[in-house]
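Visitor: One structure follows; several queries about it will come next.
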Amino acid sequence: MHKQIREIMTSDVFTINETQSIQEAGALMSEKNIGSMPVVGNDGHIVGMITDRDITLRSTAQGEDSHTPVSEVMTAQQVVKATPDMDVHEAAELMAQQQIRRLPVIENGQVIGMIALGDLAVENQLTNESEEALSSISTPSKPQQ
């Protein structure tokens with residue numbers, strides 16, 4: 001029997017509002033020891049994702065102010081999401097196709113959980129899927145000359 005995302009997702013999810021600053025996002029990530037967070041609008045619906053890498057490359061490296069709103073730095077185009085009823089194998093395939101390591105789990109427009117590649121790797125029956133997803137996601141890159 002296949003497991004559903006709801007069985008292995010992390011349900012203690014920290015989100016940040018799109019109007020909050022990147023400094024607040026970075027501080028929360030540091031405090032909670034996380035590398036990414038769903039970004040929500042005032043209505044609580046997901047509008048994007050922000051990562052520690054987004055903050056570094058899209059703001060700090062560009063000389064942006066620490067008070068820059070999260071909305072200016074986040075990834076907003078078609079956030080890839082999972083549903084709690086999605087099969088874990090489907091999630092692994094989706095992560096591989098989209099080359100992402102984390103999926104927010106959405107129900108009724110609200111973030112109710114997160115599923116990470118590591119969550120899939122701990123599931124014994126998903127070893128092959130998580131290895132395949134990781135190899136698709138972790139395409140080696142070379143520094144630009």
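Each value in this text was obtained by applying a stated rule to the coordinates, not by laboratory testing. This one's a predicted model, so the numbers in the text were calculated from it and none came from an experiment. Methodologically, a virtual Cβ is constructed for each residue, glycine included, from the backbone with ideal geometry; neighbour enumeration extends over all protein chains shown.
Visitor: Could I have the simple spin-label model distance between Glu31 and Gln110, label points 7 Å from Cα toward Cβ, reported in nm to one decimal?
Guide: Computed distance between label sites Glu31 and Gln110 equals 2.2 nm.
Visitor: Please compute the Kirkwood hydrodynamic radius of segment 5-137 from all pairs of different C-alpha atoms, in Å with one decimal.
Guide: Radius from the Kirkwood sum: 15.1 Å.
Visitor: Applying a 10 Å radius around every beta-carbon, put 23-29, 57-63, 98-104 in order of their mean neighbour count, most first.
Guide: 98-104, 23-29, 57-63
Visitor: What is segment 5-137's relative contact order, in percent, from Cα pairs under 8 angstrom and six or more apart in sequence?
Guide: Reported as a whole number, the value is 27 percent.
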